[in-house]
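Scroll down for the structure; my scribbles are underneath it.
The values are calculated or read from the model by the stated rules, or taken from the named source; none is laboratory data. Keep in mind it's a predicted model, so treat the numbers as computed, not measured. All Cβ positions, glycine included, derive from the backbone under ideal geometry; neighbour counts span all protein chains shown.
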């Protein structure tokens, strides 16, 4: 056997040093005592955006009942109104026309729903400026429902628009 690499065997291990080749007993230096558990912070955490959206959409979600497809549709409607309430009157009008185009919706129902939900947004979370860009609502028999949200802050704290002077046209 004249190869560069050979398989490990008990005979070749006698010449090696290290963890597998050294047959001298070593002291066990591992500490087997149990660590103290990390302290749990008793203060309640501030609700994150998915928590806020679920609280905001609660009246619409109750109408969906236990139907998963209806719950996803209800969250679509709630997020449409949430984003419109943040962006202003023009987007609220767009949301109304979009909701009125749904089958079975009347203009009176849409006006009442949008007015109620915009007022609810102003009452519950008036300072929230996160626009929802995407959401995932999954239902699992073992874990229940999972709700993940992607959002963009349209008014980040500490960042202001710079007051730039009018640009002067320079001719060469």
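Hey, which of the helices (runs of 4 or more DSSP H) in segment 1-117, taking only ones fully inside, have at least 2 residues that are at pLDDT below 85 and more than 27 Å from residue 138 (Cα to Cα)?
Counting at least 2 such residues, we get 10-13.
Of the numbered conditions (1) assigned to a loop (DSSP other than H, G, I, E, B); (2) at pLDDT 85 or above, residue 155 fails exactly one; give the number of that condition.
In the conditions (1) assigned to a loop (DSSP other than H, G, I, E, B); (2) at pLDDT 85 or above, residue 155 misses (2) alone.
Hey, among the residues in segment 125-152 that are touching a helix residue (DSSP H, G or I) at 6+ places or on another chain (Cβ under 6 Å) and under 25 Å from residue 67 (Cβ atoms), which one's modelled with the highest pLDDT?
My answer is 132.
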